[in-house]
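All of the numbers you see were taken from the coordinates with simple rules; none came from a lab. If you're wondering where the values come from, they're calculated on a predicted model, not measured in any experiment. Using ideal geometry, Cβ is built from the backbone for each residue, glycine included, and neighbour counts are taken over all protein chains shown.
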Amino acid sequence: MDTVFEYREVIISGTLVTISLAILSLLLSILCGLAGAFLKMSQSRALQKVGNAYTTLIRSVPELVLMMLIFYGGQVALNNLGAATGLWDYIEINQFVAGVLTLGFIFGAYMAETFRGAILAIPKGQLEAAIAAGMSPYKVFTVVTWPQMVRYALPSFANNWLVLVKSTALVSVIGLHDLVWNAVAAGRSVQQLFSFMIAVLLIYLVITAISDVALRWVERRYSAGMVRG
Amino acid sequence: MEPERTFSDYLRSFSEGASPLDFMLVYDHLDRFFYGALVTLELTFLALALGGLLAIPMAIARAYKTPFLNPAIWGFTYLFRGTPLLVQLYLIYYGLGQFETVRESFLWDPLLSSPWWCVLIAFVLNSSAYTTEFLRGAIETTPAGEIEAAKACGMSPFTRMRLVVLPSAFRRALPAYSNEVIFTIHGSAIASLVTVQDLLGAGRWLNGRYYLAYEGFVTAMVFYMVIVFIITRIFKLAEKRYLRHLRARDTTDAPALVSQP
C-alpha cells in the first residue's frame, strides 16, 4: 500500500476525471431523460414511437458495446460526414467527450423511464386543478409537476446514479485516463496490481457511500409533508 | 460477353460497395458470433445459477439477522454492489498474480490463470451480492399470516422455510430477478476485455481483422438485443404463471358467466 501512496497524484487526478465524467454524464442524462419522457408521453403517435425505440433499444444493449460503437464508429461516421460535406477536416473525438456523450445518452434512456413513471404517479386531478386555476403550462410544470415528480423519481434516480458511477469505469477501455486506467497503468509498472485495484475499489466505495448519504438527505427534503406508510 | 452474375455475387458487390454495412462479411463470419453468444449465455447462466445458490443462505441469514453473519454478509454485498464489476474482474484476473503464494498454489494452474474462470468467479460473486439483497427484501416481506399459519400447522422452521417462506419469496422476487438476469448479460460484455471470446469479443475480432468501424459492434448489438428480448418474454410468461394470484381479475366476461344456465 506504500507504493499506492507514492502514486497518489496519479490516483487523485484519475479520481477527479472519474467524478467530473460522472457528473457531466448525469446532467446530460437528465436532459436526455426529460426529452425521452416527453417523447413517450406526447400526443403524437410518431413521437411516442421514437421515444419507445430510444428507451427499449438502449436498455437492451450492454453499455460497453454502445460505448465502443459510438467511440470507434462515431469517429469514422463523423469524419466520413465531414469528407462528404466538406464542412470540416479530420477530427479526433476526445475520450472524455465520447465518454460523457455515451454515458449521458445511455443513462438518458433509464432516466426517461424513471421520469415517465414519476409523472404518471402524480394524480391527474392536481394537473386539472392547476389548469382550471388558470396556470400557464410552464407554471404547471414548475409549481405542480416538478416538485412532486422529483419526489416520486428520487429512489429510482438514486439507483440510476449509482449504476452510472460504476459504469464510468468502462470508459477506461476506450483509453480515457480515469481512475481505473491510471491505477492499472501504475499497478502494471510496479507489478502490484492487487494493491492498486483494492485502492480503486475503496475509492469507488467512498464515492457510492457519499452519494448514498447525500441522496438520502435529498429524499428526506423532498418528501417533507408526505405521510409515511 | 459479360459473365453471368448470380444473385449472391450481386449481393456481395452491393454489400462491399454500396451498403454502409458490409453485411455479407458479417454473414461469412456468423459462426463466430453464434459461438460468442454461446459463451455469453454460458457465463450468464453459470453466474446466475451459482450466484443464486450462494445467495439463498446469505439472504436467509440477512433476513433473520443472524448474529456475526449478518454484518459480514452486509459488508460483502456492500463491497460488491458499490464498486464496478470491471474493477472486481481486474482485481481477480490481474491482481491475484501479485502474490507468490497464489501463483504457486494448486488453484493457479487450472483456475486463476485462466481468463474464463476469473470472469466466472467475478460474475458469481457480483451476482450473488445483488441477488442476496433483493431476496432478503422478498423474505422480509413475507406476510406474517403465512408464517403464523405454518407454525399453527406444526411445521418445523426448516419445513416452514422450504414450503412457505422461500416459495412465496421467490415469487415476489421474480420481477427484480428479471432485471438481475438482464444486468448480468450486460455485465458479461466485459469478459471480452480479458480476452474471453464472447459476443462482444467476436465483434471486436471482426473489426480488428478487417479494420472496420461498425460491423462487428452492430452485429454484437443485434445479438444482445435478441437475447434480451427473448429473456424478457420468458420472464413475462413466468410472471403470468407464477404471479397469477396478484393480477387484477379480468371481469369483462363475468356477467355472461352468471347468466349462463
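Result for chain B in a Gaussian network model with C-alpha springs under 10 Å: among B:Phe106, B:Phe80, B:Phe229, the largest mean-square fluctuation is at B:Phe106. Taking a straight line from the alpha carbon of A:Lys40, these aspartates and glutamates sit under 15 Å away, with near neighbours fewer than eight places off in the same chain left out: A:Glu113. Within the same chain, aspartates and glutamates fewer than 8 places from A:Lys139 are excluded, and of the rest, those with a Cα less than 20 Å from its Cα are A:Glu128.
The distance separating the Cα centre of region B:75-129 from that of region A:49-113 comes to 31 Å.
Label-to-label distance for A:Leu27 and B:Tyr210 is 4.1 nm, based on points extended 7 Å past Cα in the beta-carbon direction. Placing a pseudo-label 7 Å from each Cα along the Cα-to-Cβ vector at A:Thr3 and B:Ala72 gives an inter-label distance of 3.1 nm.
Tell me the angle of helix A:179-190 to the major Cα principal axis of chain A, expressed in degrees between 0 and 90 and rounded to the nearest ten. Orientation of helix A:179-190: about 10 degrees from the principal axis. With the convex hull of its Cα atoms as the shape, region B:124-240 has an orientation-averaged projected area of 9.1 nm². With only the Cα atoms considered, the protein assembly as shown has a convex hull volume of 271 Å³ per residue. Computed over chain B, the per-residue total of -39500 (n - 2.57) for DSSP H runs of n ≥ 4 gives a 222 nm mean residue ellipticity of -22000 deg cm²/dmol, rounded to 500.
Just how far, in whole angstrom, is region A:204-222 from region B:138-205 if you go by their alpha carbon centroids? So the two Cα centres are separated by 26 Å.
For region A:2-222, the Kirkwood estimate of hydrodynamic radius, built from reciprocal distances between every pair of different alpha carbons, is 19.6 Å. Here the translational diffusion coefficient of region B:29-242 follows from Stokes-Einstein with Rh set to the Kirkwood radius across Cα pairs; for 4 °C and 1.567 mPa s it amounts to 68 µm²/s.
Counted by Cβ distance under 12 Å from B:Ala173, the other residues give a net charge of -1, where Lys and Arg count +1 and Asp and Glu count -1. With 0.36 nm allotted per residue and the present C-alpha distance subtracted, the B:Leu174-B:Asp31 stretch has 48.1 nm of extension available.
Around B:Asn207, under 14 Å between beta carbons, what's the net of Lys plus Arg minus Asp minus Glu among the other residues? Net charge in that neighbourhood comes out at +1.
Relative contact order for chain B: 25 percent, from Cα pairs under 8 Å spaced at least 6 residues apart, divided by residue count. Counting charges near A:Pro147 (Lys, Arg +1; Asp, Glu -1) among other residues having Cβ under 13 Å from its Cβ returns a value of +3. The label-point distance for A:Leu47 and A:Ala224, in a model that sets each label 7 Å from Cα toward Cβ, rounds to 3.4 nm.
FRET efficiency for B:Arg244 and A:Leu120, Cβ-Cβ distance as r, R0 = 30 Å, nearest 0.05? So the FRET efficiency works out to roughly 0.75. The calculated 222 nm mean residue ellipticity attributable to helices in chain A amounts to -25000 deg cm²/dmol, summing -39500 (n - 2.57) over DSSP H runs of n ≥ 4 and dividing by all residues.
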